[in-house]
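The numbers here are math on the coordinates, done by the rules we state, and not lab data. Because the structure is a prediction, the values reported are computed rather than measured. All Cβ positions, even for glycine, are placed from backbone atoms using ideal geometry, and neighbour counts span all protein chains on display.
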Amino acid sequence: MIRLVLPYHLRNLAHVGTEVILEVEGPITQRSVLDALEARYPMLRGTIRDHGTLQRRPFLRFFACEQDLSNEPPDAPLPEPVASGKEPFIVIGAIAGG
Amino acid sequence: MSHVRVLVGTRKGAFILSSDGKREKWEVSGPDFAGWEVYHMKGSPADPNRIYASQTSGWFGQIIQRSDDGGKTWHQPGTPPGEPTTTPQGLPKGESNKFVYDTSAETGKPLTTHQWYDGTQHPWEFKRVWHVEPSLTDPDTAYSGVEDAALFRTTDGGKNWKELSGLRGHGTGPQWQPGAGGMCLHTIILDPSNPRRIWIAISAAGAFRTDDGGKTWKPINKGLRSQYIPNPEAEIGHCVHHVAMNAKRPGVLFMQKHWDVMRSDDAGDNWKEVSGNLPTDFGFVIDAHTHEPETIYVIPIKSDSEHYVHGGKLTVYRSRSGGNEWQALTKGLPQKDCYVSVLRDAMAVDSLDKCGIYFGTTGGQVYCSADAGDSWNPIVRDLPGVLSVEVQTLA
């Protein structure tokens with residue numbers, strides 16, 4: 001069981017609350033978690049990762065366990081507390097005014 | 001009794017303004033898609049309950065929303081939540097926000113770059129949908145004009161979008177260059193008398209036309225003159241801001257260019273300037289009266305360096321002679337200390353008699369004239385900055 005926290009606008013798009021619970025098979029990585037998220041909530045495809053390249057959108061960051069994992073390789077294992085469900089994987093929007 | 005539904009896209013969401021045919025009392029609903037930029041919303045002429053909306057964000061990218069009940073509820077066309085995104089054969093299902101440029105060997109291979117600000121070649125990068133133009137006859141068919149400039153079409157109600165790559169591929173694509181607002185395809189006009197003819201316009205490339213349903217295209221910029229490009233009369237490179245046409249007289253086009261108001265009587269093959277006595281011929285919007293083919297409207301903006309209305313006075317100019325002779329329309333509009341702008345897609349006309357004219361400002365006001373421009377009233381005054389205004393006339 002993976003816990004995932006989405007920013008406000010993506011929660012609205014997916015009609016979910018603050019935290020999403022996902023079942024992810026195999027290694028727990030950024031890619032496998034986001035694949036599972038998009039499979040469950042297809043309306044989020046293209047909003048976190050570019051449709052074509054699957055690169056993280058520039059103004060979004062990935063945090064977990066008080067670490068910024070945004071620039072980690074997508075297939076690198078996520079921290080054990082995320083994999084075990086103790087800590088959430090957080091998708092967060094960059095701060096900007098206006 | 002007829003009524004009207006005004007679709008307003010703003011920098012922070014979508015609003016729907018409704019009234020009966022008198023257009024005096026209004027109901028305001030929204031914001032829908034609160035906090036998102038809504039570049040454009042437009043209803044299908046074939047089914048007024050079908051409305052498409054372009055919802056976009058610098059953070060989360062592009063979303064296409066669709067309503068099948070006149071804007072009461074919305075959904076993203078495509079795969080329902082919880083269902084697999086691929087078919088049992090592994091093929092992707094609909095992805096309504098997937099705008100992928102055609103790079104196929106057959107039609108798209110040469111179309112990989114355009115000119116960048118520094119003169120180098122730059123890859124086409126999708127940013128957002130500026131304008132959605134539903135088909136005149138089929139609610140499930142619509143066209144999207146996007147940044148970086150290209151034209152896409154859906155034939156399944158917005159679930160899937162496919163580029164009409166003949167536009168970028170007709171030959172001048174690599175010379176196109178973005179204006180300050182980005183390289184956007186912002187105008188799409190469908191010819192009601194010829195389903196194979198479409199006009200589009202791009203900032204800052206110019207106007208283009210297809211006569212074969214989007215397969216092949218040609219620039220139609222003869223007669224345009226733009227001092228900000230090395231050859232002022234070049235085939236492409238003109239910053240066309242908007243083009244309008246009276247649907248009852250296809251082929252007669254009116255254009256608000258960066259500077260200059262222009263007119264074509266031959267479907268865009270040749271243009272002539274009709275700025276006439278306007279106080280300034282810079283501006284963004286232009287629209288045509290529904291019933292009077294020679295009556296057109298513009299809202300002059302002071303200059304390309306000062307994007308607000310001329311003289312601190314919000315003034316619509318109307319020509320009843322197809323240009324050149326313009327009349328200032330000010331009744332009901334602020335005539336001092338007004339420094340708003342009106343963006344290119346933020347004017348619309350209804351089809352009632354008398355023709356209603358609507359526009360929205362960067363200051364969040366939406367004005368209506370129920371008498372073809374003679375007098376104006378604000379419908380709302382304090383919305384977020386208005387990006388687009390469309391109106392549906394409903395039975």
Worksheet entry | Given B:Lys42/B:Lys159; B:Lys12/B:Lys336; B:Lys127/B:Lys162; B:Lys12/B:Lys313; B:Lys215/B:Lys272, the pairs whose alpha carbons are separated by over 20 Å | B:Lys12/B:Lys336; B:Lys12/B:Lys313; B:Lys215/B:Lys272
Practice prompt. With unit charges on the beta carbon (Lys/Arg positive, Asp/Glu negative), name the residue among B:Asn194, B:His242, B:Thr120 whose Cα is farthest towards the positive pole of the charge dipole of chain B.
Written response: B:His242
Item to complete: Choose one of B:Thr141, B:Ala205, B:Ala395: the residue whose Cα lies farthest towards the positive end of the charge dipole of chain B (beta-carbon charges +1 Lys, Arg; -1 Asp, Glu; about the Cα centre).
Response: B:Ala395
Worksheet item: Using a basic spin-label model with each label point 7 Å from the Cα along Cα→Cβ, how many nm lie between B:Ala395 and B:Lys354?
Response: 2.7 nm
Item to complete: Taking the convex hull of the Cα atoms, report for region A:1-57 its projected area averaged over all directions, in nm².
Response: 3.7 nm²
Worksheet, complete the sentence: A correct Karplus calculation of ³J(HN,Hα) over region B:140-151, with 6.51 cos²θ - 1.76 cosθ + 1.60, θ = phi - 60°, whole Hz and x for Gly and Pro, returns 7, 9, 8, 10, 10, x, 10, 10, 5, 3, 6, 10
Worksheet item: When all alpha-carbon pairs of chain B are counted, what percent fall beyond 42 Å?
Response: 7 percent
Practice prompt. Give the peptides B:178-184, A:61-67 in descending order of average Cβ contacts within 10 Å, highest first.
Written response: B:178-184, A:61-67
Fill in: Cα gyration tensor of the protein assembly as shown - equivalent ellipsoid semi-axes, whole Å, descending
40, 26, 21
Response to the item:
Listed by chain and number, the residues whose amide H is under 5 Å from that of B:Glu233, excluding neighbours fewer than 5 places away on the same chain and using placed H, are B:Ser226
Worksheet item: Where nothing but the Cβ of Lys and Arg (+1) and of Asp and Glu (-1) is charged, how large is the charge dipole of region A:2-93 around its Cα centre, in debye to the nearest 20?
Response: 360 debye
Item to complete: Can you tell me the order of B:37-47, A:47-57 when each peptide is scored by its average per-residue count of other Cβ atoms within 10 angstrom, highest first?
Response: B:37-47, A:47-57
Discussion item. As I understand it, the dipole of the protein assembly as shown uses +1 on the Cβ of Lys and Arg and -1 on the Cβ of Asp and Glu, about the Cα centre. Which of B:Tyr317, B:Asn160, B:Val380 lies farthest toward its positive end?
Written reply: B:Tyr317
Discussion item. Considering just Cα atoms, how many Å³ per residue does the convex hull of chain A enclose?
Written reply: 103 Å³
Discussion item. I'd like the mean, over residues of A:41-54, of how many other protein chain beta carbons sit within 10 Å of each residue's own Cβ.
Written reply: 6
